[in-house]
There are 4 protein chains.
Amino acid sequence: MWDNDRGIMMSTNNWGRWGEHDQRGALNLITPEAVKAAALRRVTGKVYSLAIQLSKATVPAVHDRPAPERYTLSSVADIGRVPPFFEIGEGVGANEDVLVMPSHIGTHMDALSHVTSASTLYNGFPADSFTPRGGAAKCGIEHTGSFAGPAKLLDVQGHLEATTGSGLATGQVIDSALLEACRAKQDTTIEVGDILLVRTGWLEHRNSHLPPEQAWMQAGLGFDSVEFISDHGISVVGSDNSAIEPIPFDRNQFLGVHIELLHQRGITLIEHLWLADLAADGCYDVLLAVGGLLVTGATGSPVNPIAIG
Amino acid sequence: MWDNDRGIMMSTNNWGRWGEHDQRGALNLITPEAVKAAALRRVTGKVYSLAIQLSKATVPAVHDRPAPERYTLSSVADIGRVPPFFEIGEGVGANEDVLVMPSHIGTHMDALSHVTSASTLYNGFPADSFTPRGGAAKCGIEHTGSFAGPAKLLDVQGHLEATTGSGLATGQVIDSALLEACRAKQDTTIEVGDILLVRTGWLEHRNSHLPPEQAWMQAGLGFDSVEFISDHGISVVGSDNSAIEPIPFDRNQFLGVHIELLHQRGITLIEHLWLADLAADGCYDVLLAVGGLLVTGATGSPVNPIAIG
Amino acid sequence: MWDNDRGIMMSTNNWGRWGEHDQRGALNLITPEAVKAAALRRVTGKVYSLAIQLSKATVPAVHDRPAPERYTLSSVADIGRVPPFFEIGEGVGANEDVLVMPSHIGTHMDALSHVTSASTLYNGFPADSFTPRGGAAKCGIEHTGSFAGPAKLLDVQGHLEATTGSGLATGQVIDSALLEACRAKQDTTIEVGDILLVRTGWLEHRNSHLPPEQAWMQAGLGFDSVEFISDHGISVVGSDNSAIEPIPFDRNQFLGVHIELLHQRGITLIEHLWLADLAADGCYDVLLAVGGLLVTGATGSPVNPIAIG
Amino acid sequence: MWDNDRGIMMSTNNWGRWGEHDQRGALNLITPEAVKAAALRRVTGKVYSLAIQLSKATVPAVHDRPAPERYTLSSVADIGRVPPFFEIGEGVGANEDVLVMPSHIGTHMDALSHVTSASTLYNGFPADSFTPRGGAAKCGIEHTGSFAGPAKLLDVQGHLEATTGSGLATGQVIDSALLEACRAKQDTTIEVGDILLVRTGWLEHRNSHLPPEQAWMQAGLGFDSVEFISDHGISVVGSDNSAIEPIPFDRNQFLGVHIELLHQRGITLIEHLWLADLAADGCYDVLLAVGGLLVTGATGSPVNPIAIG
C-alpha cells in the first residue's frame, strides 16, 4: 500500500536488518558459499560483457545528463614534455585520455545514496549527508561498487514474443505474475541473494519507431513486481531499460520503484544493461562480477558487468 | 637483445599472430575452457575488489595527470527541474554526479593503443590512427575492456620478506629468476592464457619514508622478466605499482617494458592494483573479472577488477 | 589568387611584419594614441555587452563541440568541510561552480594558433608546435587575449534591409563592395588598427525557419572581402555568425577565409558576437575592450567583449 | 556592530535600494555619464590586462578548488572527421580546446550569489534559490558579469613601502584609515560609483618565504575598511589577494568581509587582480572594462579585466 505522506510503500523494508550502520544493503544477502556454488555450476565458461560503449553516439540520452566525453590528455606528440633524464626510443610515447561523464550514463549502477525520500536515504541516513562538494558521506558507491554473485536472467521480452507473438508494449508495467510466468517457462531457479536481470528488449531496439516525444517511453518493473523481488530475496536488480521501472512511472509516482527497491530495501540497481547476447544464447544462469568505479562519495558509476556462462 | 634504432627488443612478438586485424592481443589466449576450469576450482567463493578508491586523497599522483574529481550533477534540491507531470512524494529526489578523471588514474588498465614505438601501435597499426578528437581508431579500450580468466598472484614482496627478511628494494628490477623463485616457493601453477598479478607492496606502503623527489621510485618488472611472461603465455599483467615496470625505468629506457609487453606482445596491463588482501589470505589462484569502461576510442580506463577466491 | 597547393591566397601577408617572433599579429596595429582618441570621442558612455549567455540552451550548436556546462563545485551545504578554526555565522557559506566548455563556444575569440595551413601557423610557426597536452607553444591565447581599441560596426544586415527591403540571403557571401556600400551609407570612418564588427543578423534570428539540415547555413565574409579588410588595416574582425566566413564556405574551401585573415594576416577573429543592441542604437563607433581567458596555450577563449558608446 | 545571531554587521545595507527584484547591486551606481567622463579623461591610452595566466603553474592554489585545465578538443590531426563535402587545403585544420576550471580560480569575479548568510543571498533572495544542477536562479553571473566604469587604484603596498620602508605585514588587516592615508598621499579623487582597486602586493610576491602552512596568509580589507567603501559609494572592489579580505579572516569570521560587501551591499568583488603594472606606471585612475563569462546561473567567473590609462 502506498503512503502518500511519507512517499513510500507501506511494506517491510530492510532498514536496520544489517545494523544501523549498514551501507551495503541487500548485497549482504550474497554469501561466499553462493558465489562458490555459482562458480561450480559454470557450463560454458563463455565471457559476456553486459555494457554498451560509452560515447555520445552509443548511450541513450537521459533528461538533463550530458553525454559522456573522452578528451585527449596527451599523445606521443607531447613526448618533449617528459623529463629528459630517460632515453626515449624512436617514436616512443603514450596516448592518454581524460574522461568527463555523468555517473549515471550508459550502463551504470546506482549507489544506495542515489535516491531520497522523506529526507532520508536507505537505512534512514539523513538525505543531507549528501553535499555538493563532499558527495555522499553515507552509502557512496565505495560501499556497494564491488560484488560478484549468481545472476538469473528473466527474458521477459523473449518470453512474451514466444508466447504471444509480440513483445512488451511501450511503457508496459511488468508485475510479479509476469516475472513468475517467465521464470516458470524458463525453468529458472531463483535463490536468496541472487542478482535478477530483466530483459525488456528496449536497449536493443530503443524506440526509433516512435515520435521523439515518445521515444523515452519504456516498459519496466512496476510496484506489483516488488513482491516477487522481495519474496525471492533478490540482492541486485538489473535491466536493459533506463530506470528499472517503466517510463512513464507506474502509478505516476516519480522514481516510485526506485524508492521501493533501492531506498526501502537497499537493493542495488543496474540500468542500460546489454542482455541481448545472454538471451540469444539462452543463458539464464550466470556468475556475474560488477566492479563500479570506487569514486569516493559518488552516487553511482558507469559499469561493465562481466558475466560467465 | 635491445634494438636502439627501432626502440624495441629483438625478440618474437605477437604481431600478426591473431590476424592482421586483431585488436585484442594476448587476451586471445584466454579460452572459455580455461575460464570454466578456473571457475570450477573455486575454494572459498570470497570476493575481492582489487581497486583503490578514486579521489585526490587516495590515488597515487602521477606526473602530469590531474587528480580524479567527482562533481555534483544534481541533487534532491533540483527536484523543481523535473517535468511536473509526475507526482513527486515528499522529499523524493535523486543525487547524481559528474566524473572528471584521467583514463590512467588510480587502479586502471591500458588499452593496446596506450603506447607507441617507431610510429606504430601493437600489431603494426599506425600510431597516427590515434587523434585528439577521435581517440584511438585502432586498439581502443572497447576491444580489450571486457575479460575474465584465471589469474595467478606472485607475491614477490611477501616471498622476499619471508626468505630474506626484507622486501624489494626501492626501484628494484624484478627479473624472470625472481618470478620463478617466487612461483616455485608458492607452488603456483601457471598455464597459457593466465593473468599474472605481481605484488611489490608499493601501493600499500608507498614511499612515505623517502624524500619527495624519490617517492615515485618503485620496484617493477624489468626487461629480464619478459622471458618468464612470454614463455608462460601470459595474457594480462597486473601489478600494484604505477607502471608495471620499475621507476626509474630499467636500462633507463622510457616505457621500455611497456613496449615489450603491450606494444610488442599485445599484453594488457593493469596498474595500481590492490593486492594486499589476496596476499594476506595466501590466495594465489583466483578467477578474475575485469570490466573497463567501454569509452569508444579511449586508451585506457580506471577499473575495479573483481577476484573470486 | 588562390594557391591550391599551399592552401593559401597568393597575396601579401603579415608574416615577419612585426618580427619573426611576433605572436600578436594585427593587434600590433592598435596604438595607445588610437585607444586614447577612441576614448575621447565617447558620446553616450553607455556600456554594451557583446556576448550571449553560455548554456546549452543559449549557444548555437557547432559541429562536434560539446555544450558548455556549469556544475556545482560547492555550496553552503558543504560548510562542514571548511577548516573549523574560523567562526562561521549562521547560514554563512559559499556557492562555487566548475565550468566545462570548449574554448570556441558561444561568443568567443580565436587565438592565432587556431588554424593551420601547409604545416604552419601564423608567422610561419610550425603547426606541430601545438600538442595535445602542451597546447599552443606558439600563438596561444595568452598573447592576444587582452586588447582594447576603436571598433566600427558595419550593420550589413540593417543596410540591406533598409536599401533592398530584405536582408542577407541564407549563406550569402559578403564582399568588399558590400562592406564599402554599407560603410558609405553609415558614413563611418575606418582607420588603420580599427576593429571591424560585421552584423549579419544571424545570431538574433538563427535559421529556425529552415529545416535542420540547413539551419547552420549562414551569410559571412567571403574571399572578396579580404581586400577591404586588408586595405583598411583592420586589427580584429568580429561578427555575429559562427565562422566570420559564410557557411557553406566560400569557393567551397574549408576555413578559407580563416586562413586569409587569421593565418596569413594575424587578424584576431571573434564569433557569435551579439551586435543587435549596438545596431538598434545606431552606434557604429565604440571603444571595445576584450579580455579573453588567459589559459596558457589555449587556441581560443569564450569572451564577453565590452563596448562603450 | 557585529550581530552574531544573524551573521551580519548591523549597518546600513543596500537591500531594496534598487528594488526588490534587483540582482545587480552596487553596479547600479555606475552611470553612463561617469563612464563617459572616465573615457574623456584618458591620458595615455595604454591598455593593461589585470589578469594572470590560467594554468596549474600560474594560479594561486585555493583550498579545495582544482587547478584550471586545458585539454585538447581537436587538432589538425582530426581533419578526417570533417564532413567531406568541402575542399580542404594541404595541412588545413583547426586546433581547439576544452576548458575545465572552477569559476573562482585565478583572476576572477564573484557573482552576488557567491556567498550566503542567514539563509539569504544579497537583496534577501533565499539561499536555496541556488541548486546543484540549476545553479543560481537569483544573482547569477549573467546579471553582473558585464560592466565598465572608472576605477581608482589605491596602492597600499606602495604607499607603505614609501612611507615606512616596509610594506604590509603578512595577514595585516587594512582599515579605512590606511585606505584614506593612501588615497590622500596619491591625491586620488574617489566618486560615487567608482571601482576600487586595492594593491597589497601579495600576488606579485606570494609568500614563498613562508613555510607552506603559512603561505596562504595574506593582508586584506578588514571590517574597519567597510566604512570607507560604503561612504564613497564604491560599486566594485578588486584586489590582488585571494579573498579581498585578509586571511586569517578579520575577527576570525569566515567570509566576514564578503558578507559585509557582497551580501549586504551588493558590491561585486574581483580577486587575484594583477595590479603591478598599473602601480609601476603610477596609474591610479583608469577606465576599467570587465567581461565575465555569462554562464547562466554561475556564481562567479574567471575574468580578464582590461584597464585603459
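Since every read-out is calculated from the coordinates, none of them should be taken as a lab result. Everything numeric here is computed off the predicted structure, so don't read it as measured data. Glycine gets a Cβ as well: all are built from the backbone with ideal geometry, and neighbour counts include every protein chain shown.
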Quiz prompt | Net charge contributed by nearby residues that have their C-beta within less than 11 Å of residue B:77 (K/R +1, D/E -1) | solution = -1
Quiz item: If Lys and Arg each add +1 and Asp and Glu each add -1, what is the summed charge of the other residues whose beta carbon sits under 9 Å from the beta carbon of residue B:35?
Solution: +2
Self-check item: Low-density loop cleavage sites - trypsin sites (Lys or Arg not before Pro) in region C:142-236, where at most 16 other Cβ are within 10 Å (DSSP)
Solution: C:206
Quiz item: For the protein assembly as shown, what is the percent of antiparallel DSSP beta bridges, rounded to the nearest 5?
Solution: 70
Quiz item: Each label point is 7 Å from the Cα along the Cα-to-Cβ direction; what then is the distance between the points at residue C:164 and residue A:169, in nm?
Solution: 5.7
Quiz item: Among C:298, C:243, C:37, which one shows the biggest mean-square fluctuation in a GNM of chain C, springs joining Cα atoms closer than 10 Å?
Solution: C:37
Quiz prompt | Separation of the residue C:277 and residue D:187 label points, Cα + 7 Å toward Cβ, nm | solution = 3.7
Exercise. Evaluate E = 1/(1 + (r/R0)^6) for residue B:119 and residue B:21, where r is the Cβ-Cβ distance and R0 equals 22 Å; express this FRET efficiency to the nearest 0.05.
Key: 0.70
Exercise. Pick out, in residue order, every one of the chymotrypsin sites (Phe, Trp or Tyr not before Pro) in region C:34-115 that is DSSP loop and has at most 12 other C-beta atoms within 10 Å; say none if there are none.
Key: C:85
Quiz item: Shortest first and in nm to one decimal, what separations exist between residue D:177 and its copies in the other chains, measuring from label points 7 Å along the Cα-to-beta-carbon line?
Solution: 7.6, 7.9, 8.7
Exercise. Mind jotting down the three principal axis lengths of the protein assembly as shown based on Cα atoms? Whole angstrom, largest first.
Key: 87, 70, 70
Exercise. Restricting things to alpha carbons, find the Rg to Rh ratio for region C:47-148 using the Kirkwood radius for Rh.
Key: 1.14
Quiz item: If each residue's Cβ is checked for other Cβ atoms within 10 Å, how do C:189, B:107, D:296 rank with the fewest at the top?
Solution: C:189, D:296, B:107
Quiz item: To the nearest µm²/s, what D does Stokes-Einstein give for region B:243-309 at 10 °C and 1.306 mPa s, using the Kirkwood radius over alpha carbon pairs as Rh?
Solution: 113
Exercise. List the extent of the Cα atoms of chain D along each of their three principal axes, largest first, rounded to whole Å.
Key: 68, 48, 45
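Considering only chain D, what is the antiparallel percent among its DSSP beta bridges, to the nearest 5?
Working: 31 of 44 bridges.
Around 70 percent of the beta bridges assigned by DSSP in chain D are antiparallel ones.
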Quiz item: Non-local amide H neighbours of residue B:45 (under 5 Å, H modeled in plane, Pro and chain starts lacking H): which ones?
Solution: B:309
Quiz item: Which value does Rg/Rh take for region D:143-238 over its C-alpha atoms, Rh per Kirkwood?
Solution: 1.00
Practice problem: Based on other C-beta atoms within 10 Å, arrange C:192, B:59, D:76 from fewest to most. | Solution: C:192, D:76, B:59
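What translational diffusion coefficient, to the nearest whole µm²/s, does region C:109-163 have by Stokes-Einstein, given a Kirkwood radius computed over alpha-carbon pairs, a temperature of 10 °C and 1.306 mPa s viscosity?
116
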Exercise. Using just the helices of the protein assembly as shown, give the 222 nm mean residue ellipticity in deg cm²/dmol: DSSP H runs with n ≥ 4 each add -39,500 (n - 2.57), and the total is spread over all residues, rounded to 500.
Key: -4000 deg cm²/dmol
Quiz item: Tally Lys/Arg at +1 and Asp/Glu at -1 over every other residue whose Cβ is under 9 Å from the Cβ of residue C:157; what's the total?
Solution: -3
Quiz prompt | For residue A:115, distant residues with modelled amide H under 5 Å away | solution = B:95
Practice problem: Using only Cα atoms, locate the centre of region D:212-250 and the centre of region A:182-197, then give the distance between them in Å, rounded to an integer. | Solution: 66
Quiz item: What nm distances, shortest first, do you get from the label point of residue D:56 to those in the other copies when the point sits 7 angstrom along Cα to Cβ?
Solution: 1.1, 2.7, 2.9
Quiz item: Sequence-distant or interchain residues sharing an amide H contact under 5 Å with residue C:295, placed H: which?
Solution: D:54
Practice problem: Could you work out the mean count of beta carbons from other protein chains within 10 Å of each residue's beta carbon in C:33-43? | Solution: 5
Quiz item: Which whole number in µm²/s is D for region B:190-309 by Stokes-Einstein, with the Kirkwood Rh taken over Cα pairs at 20 °C and 1.002 mPa s?
Solution: 141
Quiz item: Gaussian network model of chain D, Cα springs within a sub-10 Å range: biggest mean-square fluctuation belongs to which of D:110, D:231, D:194?
Solution: D:231
Quiz item: Measuring label to label, 7 Å along Cα→Cβ, what does residue D:44 give against each other copy in nm, shortest first?
Solution: 3.1, 7.3, 7.8
Exercise. With a bin width of 10 angstrom, please list the P(r) values of region C:128-192 as percents of all Cα-Cα pairs, from the 0 bin to the one holding the largest distance.
Key: 17, 31, 18, 24, 10, 0
